[in-house]
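Read-outs: derived from the displayed coordinates by stated rules, not from any lab. It should be emphasised that the depicted structure is a prediction, and the values quoted were computed from it without experimental measurement. In this analysis, Cβ positions are derived from the backbone assuming ideal geometry, glycine residues included, and neighbour counts consider all displayed protein chains.
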Amino acid sequence: MNATNVLEDLKRRFPNEPEYHQAVEEVLSTIEEEYNKHPEFDKVNLIERLCIPDRVYQFRVTWVDDQGNVRTNMGYRVQHNNAIGPYKGGIRFHASVNLGILKFLAFEQTFKNSLTTLPMGGGKGGSDFSPRGKSNAEVMRFCQAFMLELWRHIGPETDVPAGDIGVGGREVGYMFGMYKKLTREFTGTLTGKGLEFGGSLIRPEATGYGNIYFLQEMLKTRGQDLKGKVCLISGSGNVAQYTAEKVIELGGKVVTMSDSDGYIYDPDGIDREKLDYIMELKNLYRGRIREYAEKYGCKYVPGAKPWGEKADIALPSATQNELNGDHARQLVANGVIAVSEGANMPSTPEAIRVFQEAKILYAPGKAANAGGVSVSGLEMTQNAIKLGWTKEEVDERLKSIMRNIHEACVKYGTEPDGYINYVKGANVAGFMKVAKAMMAQGIV
Ligand code: NDP
Ligand code: 2IT
């Protein structure tokens, strides 16, 4: 395999999908060497079969807003690869959603899910519907209309969606209700469900907690821990909130959070009580992070990212490409020792190069944020055996999965000088399992 040629070919066949190209390029450039040690892979064109999704569903979603207007959005489900288990991955509702973005997310998910050690393939779905400013009733009608198309393509052994940006417990609940009505079956086809109807304890917390468990493992390799460390967090949604919760619990100090309008900087640290306020503001009132600055009298910077503030650790937890080369240089210049990604592909390729050249600890999302889908996998298991595990049991399993992922990264990513290249480690480890499964299953 020649990574450059494969990528050029994909760009020609699938133009105008820059995020998909970006995700593929990162993986190909890091697995090329290992791949070429296995000539049997190339004989069956494994690489193209792994980069191009198995199938993509695209549909129109029509719903009626509160004023009686008939509205349309696009709906998608990308089923990328099911070599190691049913397709699994979240659903994103955001105005920016398009096929290229969902293809990048489904591709990444395939490697991430492989790393979790659980039997899950990779998929992703979503819509360009924006929940922002919509009433509860509008969100419900949209979720129902979306499921009216999607339900034929998913199932507990086929494809199991969950949440992502713009899709949390409320949306999963509405989609599950409609799915159940259409199929006339109560199965664990969506994860991230409410606790009363098959959800798992710790699932809402899992991505953020998992990221911090992974960060702890990274810090240990340098004889460090989180105590007293100043952390920058971007985003203020599900992942950002529980990342902050775990940092605070472990004695770190969170000084920033953000949303798509700007960021707040609180030099005294966001403590438990202030975080409760943010959770209420975001999850209940669906307000803006600016209101935090008004309430606590701290700095609010509209239209900017938090990466220029001085800190020890950066935890990007909002969206893709939110941290560029300039941001990365600022972080390094300010003495950051670790960057651990709660979001999917938040750092641009240039930013990643800056972190790696500075030899700081840098964990890509597909390793560091795998805790969310891991607990989704544990939710599937609990649904299958019709039992619910305790909080302690799920949390222990989550910790152990994050430790395993860290070990796999160390195994496949340690360079001759001892620096752990977590990007290479995660990509090679994730790839090898899927590749072996595909080889064993023949040319399909
Ligand atoms: P939420 O919708 O709960 O929160 C998203 C946060 O990011 C909000 O603060 C939002 O601000 C901000 N944001 C979203 N889009 C943009 C944008 N284009 N520019 C700037 N800010 C933006 O989503 P999650 O917390 O679930 O997801 C955050 C990230 O984590 C995503 O990359 C997702 O793919 C990833 N992830 C999520 C997992 C999960 O289990 N939920 C698991 C693994 C990864 P605003 O309110 O203004 O839109
Ligand atoms: O990006 C992700 O891993 C998620 N949004 C969670 C997917 C899941 O199936 O729980």
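Overview of values
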item	result
Per-residue Cβ neighbour rank within 10 angstrom, fewest leading, 65, 128	65, 128
Filtered GluC sites (Glu not before Pro), the range 184-248: DSSP coil and at most 14 other beta carbons within 10 Å	185
Counting all C-alpha pairs of the chain, share separated by more than 32 Å (%)	34 percent
Percentage relative contact order, the range 304-444, counting C-alpha pairs under 8 Å, at least six apart	17 percent
Dipole in debye (nearest 20) - the chain, about Cα centre, beta carbon charges: Lys, Arg +1; Asp, Glu -1	700 debye
Footprinting exposure proxy for 135, 200 (fewest neighbouring C-beta atoms within 10 Å first)	135, 200
Residue 220 versus residue 321: modelled label distance in nm, points set 7 Å from Cα along the beta carbon direction	3.7 nm
Packing-based ranking, highest mean first, of 136-144, 339-347, 22-30, 157-165 given that Cβ atoms within 10 Å are counted	339-347, 157-165, 22-30, 136-144
Share, in percent, of DSSP beta bridges within the chain that are antiparallel, nearest 5	60 percent
Charge dipole of the chain about the Cα centre (unit charges at C-beta), most positive-ward option of 123, 178, 161	178
Fewest-first sequence of 385, 405 by Cβ atoms within 10 Å of each Cβ	385, 405
Rounded, prolate or oblate (a/c below 1.5 giving rounded, otherwise prolate when a/b exceeds b/c) for the range 259-399 by Cα gyration tensor	oblate
Residue among 96, 76, 110 farthest towards the positive dipole end of the range 52-152, charges placed on Cβ	110
Residue (of 336, 317, 370) at the positive-pole extreme of the range 300-379, dipole from beta-carbon charges	336
Tensor-based shape of the range 319-444 (alpha-carbon gyration tensor, a/c under 1.5 rounded, otherwise prolate or oblate)	prolate
Length-normalised contact order of the chain in % [C-alpha pairs under 8 Å, at least 6 apart]	15 percent
Computed FRET value (nearest 0.05) for residue 381 with residue 407, which takes r as the C-beta separation and R₀ as 22 Å	0.50
Segment residue 359-residue 48, extension gain: residue separation times 0.36 nm, minus the distance between their alpha carbons	108.8 nm
Centre separation in Å (Cα based) which lies between the range 1-33 and the range 317-349	22 Å
